[in-house]
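See structure below.
Nothing in this text is a laboratory measurement; each read-out follows from the coordinates by a stated rule. The structure displayed is predicted, hence computed values, not measured ones. Reconstructed Cβ throughout: ideal geometry from the backbone, glycine too, with neighbour counts over all protein chains shown.
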Amino acid sequence: MKCANCNTELERINTKNGFYYSCKLCDGKMISIPVLKREHIDPDVLRQIHSKKQDSPTDFSKKCPQCQRPMKKLLIAVDSQKMELEFCQPCFCIWFDTAEHENIPIKHDQKISSKLHPDSIKAMAMADIEFLNIQREQKEREEESRKDQLWFALRLFGL
Ligand SMILES: [Zn+2]
Ligand SMILES: [Zn+2]
């Protein structure tokens, strides 16, 4: 896996919260959403990622190190500072440029008990994936019906 910024081979880093990928040269990092949740980054940032990922523009200058697809550019406010993060929907991962990850504070969500059982955390991550799958299926169905309509219209005009 190559760095999204400088194309250097990424290093796999193991932590107690799971593993992520890091670039030795530019300090870029690719971290999955479940790992970010486990390390308790500011839940407000996670909420912003969740609400903005749908309508944010695609950044064609950066490809996901894992699946090579262009990532979404998300504008996030962190403690009133603007930050631009890249998000890969299929991999459910965030790409952080140099020091971006370090600039996001660690905060425990007051709404979620800190004594959550690991199984519940896993269940929450699974629910997220479930949600994404449903969204993808819906999109594919819409696409399919659009194609059918177009085909029908073409036939009407005798094309
Ligand atoms: Zn790099
Ligand atoms: Zn990806």
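The length gained by stretching the chain between Phe92 and Gln149 to full extension, at 0.36 nm per residue less their Cα-Cα distance, is 17.3 nm. The Asp44 and Lys16 beta-carbon pair, evaluated with R₀ = 30 Å, returns a calculated FRET efficiency of approximately 0.80.
Top mean-square fluctuation among Thr58, Thr15, Thr98, Gaussian network model of the chain, C-alpha springs under 10 Å? Per the Cα network of the chain with a 10 Å cutoff, Thr15 tops the list. For the chain, the longest principal axis of the Cα atoms and the long axis of helix 118-156 meet at an angle of about 20 degrees. Comparing Cα centroids, the stretch 130-159 and the stretch 1-38 end up 37 angstrom apart. Backbone geometry of the stretch 13-27 corresponds, through the Karplus equation with coefficients 6.51, -1.76 and 1.60 at θ = phi - 60°, to 3J(HN,Hα) couplings of 10, 9, 10, 5, 8, x, 9, 9, 10, 9, 9, 5, 7, 10, 6 Hz, x marking Gly and Pro. Remark on Asp59: its backbone amide H falls under 5 Å from those of Met71, Lys72, Lys73, a criterion applied only to residues 5 or more positions apart or on other chains, H modelled at 1.01 Å from N.
Across the alpha-carbon atoms of the chain, the computed radius of gyration and Dmax are 18.8, 66 angstrom.
Computed over the chain with a Gaussian network model linking Cα atoms closer than 10 Å, the most mobile of His108, His50, His117 is His117.
For Glu130 and Asn103, the difference between the fully extended length at 0.36 nm per residue and the C-alpha to C-alpha distance is 6.7 nm.
Between Gln89, Gln135, Gln66, where does the largest GNM mean-square fluctuation fall for the chain, given springs only between Cα atoms within less than 10 Å? Among Gln89, Gln135, Gln66, the largest GNM mean-square fluctuation belongs to Gln135.
Counted by neighbouring Cβ atoms within 10 Å, the residues Phe96, Phe19 run from fewest to most as Phe19, Phe96.
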